[in-house]
Amino acid sequence: MAQEEKSGSGCGSSSSTILQFVPFNSLADEGFWHRLSSLKLNKYGIDDSPIPITGFYAPCSHSQVSNHLRLLAESLPTDENDQSSMPAISRGNRNRCPVPGTLYNTNTLEAFHALDKKSLLKEEANKIWQDIHNGRAVEDSAVLSRFLLISFADLKKWSFHYWFAFPALVLDPPATLVESKRASEWFTSEEVKSVSVACNDWRNSSLTADVPFFFISIASNSHATIRHLKDWEACQADNQKVLFGFYDPCHEKDPGWPLRNFLALISSRWNLKSVHFLCYRESRGFMDMESSLVIEALITAPQGLNDRQLVPNAVGWEKNKNKYVSRCINLATSMDPTRLAISAADLNLKLMRWRALPSLNLDELSSVKCLLIGAGTLGCQVARMLMAWGVRKITLLDNGRVAMSNPLRQSLYTLDDCLDGGDFKALAAAKSLKRIFPAVEAKGEVMAIPMPGHPVTNQEEKSVVDDCSRLYDLVDSHDAVFLLTDTRESRWLPTLLCASANKITITAALGFDSFLVMRHGPGPFSSAHANTSSVDMENLAQTDKGGKRLGCYFCNDVVAPTDSTANRTLDQQCTVTRPGLAPIASSLAVELFVSILHHPDGMFAEGDFTNSTSSSGGSEPPLGILPHQIRGSLFHFSQMTLVGHSSNSCTACCSTVVSEYRKKGIEFLLQAINHPTYLEDLTGLTELKESANSFKLDWDDETDDFDEDDCVEI
């Protein structure tokens with residue numbers, strides 16, 4: 001890396017010494033790094049193409065402190081759909097002169113250290129050199145201060161490695177200092193007043209406040225005028241003093257870094273030998289004649305100065321504690337813990353979109369509202385898996401309390417939740433979810449689910465009616481419902497409500513070493529209810545595809561749900577399963593739900609089999625096939641996908657039941673709860689069973705002609 005010249009001149013100096021410059025200092029705001037992290041995760045991914053950015057600086061405004069070139073959140077492009085677009089910068093801010101820059105953000109720390117810094121600096125210097133020769137530097141003088149930034153963003157640790165460079169063209173031979181004085185000493189008293197007024201007007205105009213390079217012409221009557229660089233010809237009147245002015249960000253006795261490329265422009269374009277500069281500095285928003293400098297320098301035109309192809313050498317990598325090394329900033333300690341948790345939680349999901357799953361819809365996942373009916377072994381696991389997928393709105397419904405036997409298998413509870421009779425599971429689970437991830441919107445609902453086969457007395461009827469109404473409101477206000485209870489009859493009312501409201505419904509059920517995970521098909525009147533979801537479900541089909549509806553949990557039953565808990569031993573009352581079964585079923589239930597959200601047909605998609613062609617037509621869904629039922633066995637360590645269509649006699653989702661519920665409401669529900677055969681009579685199952693019982697088979701007892709070839713393997 002090239003070394004810049006060391007400083008050594010001072011105010012009032014008149015000896016012929018090499019003109020020295022004070023290097024630029026950088027300052028990257030926290031907002032810049034947060035914005036870069038967001039773009040990296042959400043848009044750029046592994047694309048390490050150069051990114052146009054904008055830095056800001058202003059004239060020195062303090063006698064003891066130099067101004068930095070700053071990077072802010074708005075320094076990065078605002079259009080996330082176009083990496084090459086320039087940041088949208090408002091002009092006319094006197095405290096923020098915009099300077100174009102280029103960012104190279106690498107994907108690994110090794111790539112950051114391996115960057116060819118010499119070549120990168122030379123490339124940026126060439127841009128400045130071309131701007132000088134093609135006239136752009138005269139039209140937009142800010143390009144003379146073009147800068148370079150290389151970085152690596154470690155988004156797991158929230159640390160950022162970076163290094164700034166401010167390319168400066170090196171004149172050979174270098175410019176020499178003839179004289180350096182305070183502006184108050186160099187100008188006459190009349191000129192001091194006139195120049196101060198002209199500079200203050202220039203700085204206060206929204207058209208010129210952020211134009212950092214200019215001319216100052218002083219007429220014989222001491223009247224000062226400030227002009228743009230493109231107005232050079234207007235400064236050539238006789239008997240005029242002409243000074244080249246620039247906003248000087250440094251407070252020291254030597255001029256600031258922007259003068260270096262200004263010298264190259266002056267030498268190349270106007271071929272001047274002796275030049276006067278005004279290093280413009282301020283105090284309290286006005287020109288400060290005491291700190292501003294007027295410098296006279298001699299420029300010896302180097303050989304090949306007018307050759308666009310012969311780019312001068314360049315220096316400019318910023319020092320870190322007087323060494324040419326990169327810097328590192330860690331923002332984890334300064335971030336709000338909740339915000340840090342959100343960023344960390346979303347990291348894996350956003351990384352999926354880089355390569356594996358570009359179509360992953362995080363907005364839909366974060367806005368979808370999920371109701372989990374049952375907060376036991378399955379409910380705890382499903383809630384955690386939903387959070388891992390980015391679901392942020394979860395309601396858990398249960399009326400049980402945490403028992404001493406629960407924490408080992410139900411992952412949201414601890415021993416403290418079991419004390420003093422045990423906390424309500426729904427409330428304890430919601431509280432636990434917030435401890436795990438503070439940004440989740442988790443709620444607990446303590447209530448019992450009215451069930452067929454569990455008759456209620458007249459005294460209990462009001463409470464049951466209230467529970468039915470409450471459950472209806474909960475189903476109606478959510479987009480998806482998970483049925484995770486441990487009895488068959490407790491799933492009936494939620495299934496009916498979901499079929500009527502056409503909600504995404506997922507069932508997970510456990511045996512000792514087997515499980516069932518399934519998605520319910522749309523309701524029998526789905527077309528009329530496709531828009532009931534409060535979340536934007538435009539990607540879900542809103543009309544039936546014409547095929548037969550997929551069945552619900554009850555469609556294969558030929559009996560109505562009844563009381564399954566009566567007259568049972570302890571091992572039959574408890575959900576006795578192999579411990580590894582619930583996590584498997586819960587994970588599959590959530591994966592099935594996420595697949596529904598990302599399938600082009602949504603909940604209306606047909607059921608796929610393993611190794612079958614997807615039902616979505618020609619295009620493969622982003623998450624693979626979308627089965628109807630998944631049945632697994634730990635005994636055989638096996639798993640299979642099945643499809644079961646809806647039954648016209650289903651006690652929960654057939655058109656007869658849903659129509660009767662819509663017509664009679666709570667009267668229908670009380671009939672189903674109090675009378676065991678009501679649902680069977682309504683759906684025709686009673687008649688079906690009577691027909692089956694009366695059906696007689698004539699058996700052929702002759703076995704002499706038995707032939708094994710007549711058997712068919714099933």
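Since only Gln381, Pro258, Ser274 are under comparison, the one whose Cα sits farthest along the positive direction of the charge dipole of segment 230-385, derived from C-beta charges on Lys, Arg, Asp and Glu, is Gln381.
Take the solvent-accessible surface of the protein heavy atoms, probe 1.4 Å, and return the percent of it on the chain that carbon and sulfur atoms account for.
Numbers: 16310 of 33140 Å².
The C+S portion of the solvent-accessible surface of the chain is 49 percent.
Placing unit charges on the Cβ atoms of the charged side chains and taking the dipole of the chain about its Cα centre, the candidate lying farthest along the positive direction among Tyr324, Ile625, Thr641 is Tyr324. Taking 26 Å as the limit for the C-alpha separation, the pairs Lys118/Lys273; Lys443/Lys503; Lys350/Lys548 exceed it in the case of Lys118/Lys273; Lys350/Lys548. Compactness check for segment 323-422: Cα Rg over 2.2 N^0.38 Å is 1.50.
For the chain, what percent of Cα pairs sit more than 48 Å apart? So the pairs more than 48 Å apart make up 44 percent of the total in the chain. Basic side chains Lys and Arg get +1 at the Cβ, acidic Asp and Glu get -1 at the Cβ, and with that the dipole of the chain about its Cα centre reaches some 4000 debye.
The angle separating the long axis of helix 117-134 from the principal Cα axis of greatest extent in the chain is about 60 degrees. For Leu169, the amide hydrogen comes within under 5 Å of the amide hydrogens of Asn261, counting only partners 5 or more places away or on other chains and with H modelled in the peptide plane.
Distances between placed amide hydrogens fall under 5 Å for Asn502 paired with Gly523, all partners being 5 or more residues away or on another chain.
Structural descriptor for the chain: relative contact order 10 percent, calculated from alpha carbon pairs under 8 angstrom and at least 6 residues apart. For segment 336-393, the Stokes-Einstein estimate of translational diffusion at 20 °C and a viscosity of 1.002 mPa s comes to 172 µm²/s, using the Kirkwood hydrodynamic radius over alpha-carbon pairs.
Considering only DSSP beta bridges whose two residues both sit in the chain, what percent are antiparallel, to the nearest 5?
Details: 66 of 98 bridges.
That works out to approximately 65 percent antiparallel.
Applying the Karplus relation 6.51 cos²θ - 1.76 cosθ + 1.60 with θ = phi - 60° to segment 61-70 yields 3J(HN,Hα) values of 10, 9, 5, 10, 9, 7, 7, 9, 7, 9 Hz, where x marks Gly and Pro.
The sum of -39500 (n - 2.57) across all DSSP H runs of n ≥ 4, divided by the residue count of the chain, sets its helix-only mean residue ellipticity at 222 nm to -8500 deg cm²/dmol. Specify whether the C-alpha gyration tensor of segment 185-295 places it in the rounded, prolate or oblate class, a ≥ b ≥ c being the square roots of the eigenvalues: rounded for a/c under 1.5, otherwise prolate if a/b is larger than b/c and oblate if not. Taking the square roots of the gyration eigenvalues as a ≥ b ≥ c, segment 185-295 is rounded. Rounded if a/c is under 1.5, else prolate if a/b is larger than b/c, else oblate: which is segment 101-237, with a ≥ b ≥ c the root eigenvalues of its Cα gyration tensor? Note, shape of segment 101-237 comes out prolate. Between the C-alpha center of segment 134-168 and that of segment 322-399 there is a gap of 32 Å. Amide H contacts of Trp158: none lie under 5 Å away among residues 5 or more positions distant or on a separate chain (H built 1.01 Å from N in the peptide plane; Pro and chain starts excluded).
Each residue of segment 305-312 was assigned a 3J(HN,Hα) from its phi angle through the Karplus curve 6.51 cos²θ - 1.76 cosθ + 1.60 (θ = phi - 60°); the sequence is 4, 8, 8, 5, 7, 9, 7, x Hz, with glycine and proline shown as x. The distance separating the Cα centre of segment 447-521 from that of segment 210-233 comes to 81 Å. Listed by chain and number, the lysines whose C-alpha is less than 18 Å from the C-alpha of Lys253, apart from same-chain residues fewer than 8 away, are Lys6, Lys181.
Here segment 36-53 is scanned for amide nitrogen atoms under 11 Å from the site 7 Å beyond the Cα of Arg355 along Cα-to-Cβ, giving 46.
What number comes out for the charge environment of Thr395, summing +1 per Lys or Arg and -1 per Asp or Glu over other residues with Cβ under 14 Å away? Before the final figure, lay out the partial values.
On the way: positive: Lys369, Arg392, Lys393, Lys425, Lys431, Lys434, Lys443, Arg470, Lys503; negative: Asp398, Glu441, Glu445, Asp473, Asp476, Asp479.
Combined, the nearby Lys, Arg, Asp and Glu give +3.
Structural descriptor for segment 231-335: relative contact order 20 percent, calculated from alpha carbon pairs under 8 angstrom and at least 6 residues apart. With θ taken as phi - 60° and the Karplus curve 6.51 cos²θ - 1.76 cosθ + 1.60 applied, the whole-hertz 3J(HN,Hα) list for segment 322-335 is 6, 10, 7, 9, 6, 10, 9, 10, 10, 9, 4, 6, 8, 8 Hz, x standing for glycine and proline.
The values are calculated or read from the model by the stated rules, or taken from the named source; none is laboratory data. Keep in mind the model is a prediction, meaning the values are calculated, not measured. Here the Cβ is made from the backbone with ideal geometry for all residues, glycine too, and neighbour counts use every protein chain on show. Remember, those area values only see protein heavy atoms, side chains included, never the ligands or the DNA or RNA. Shrake-Rupley method; radii C 1.70, N 1.55, O 1.52, S 1.80 Å.
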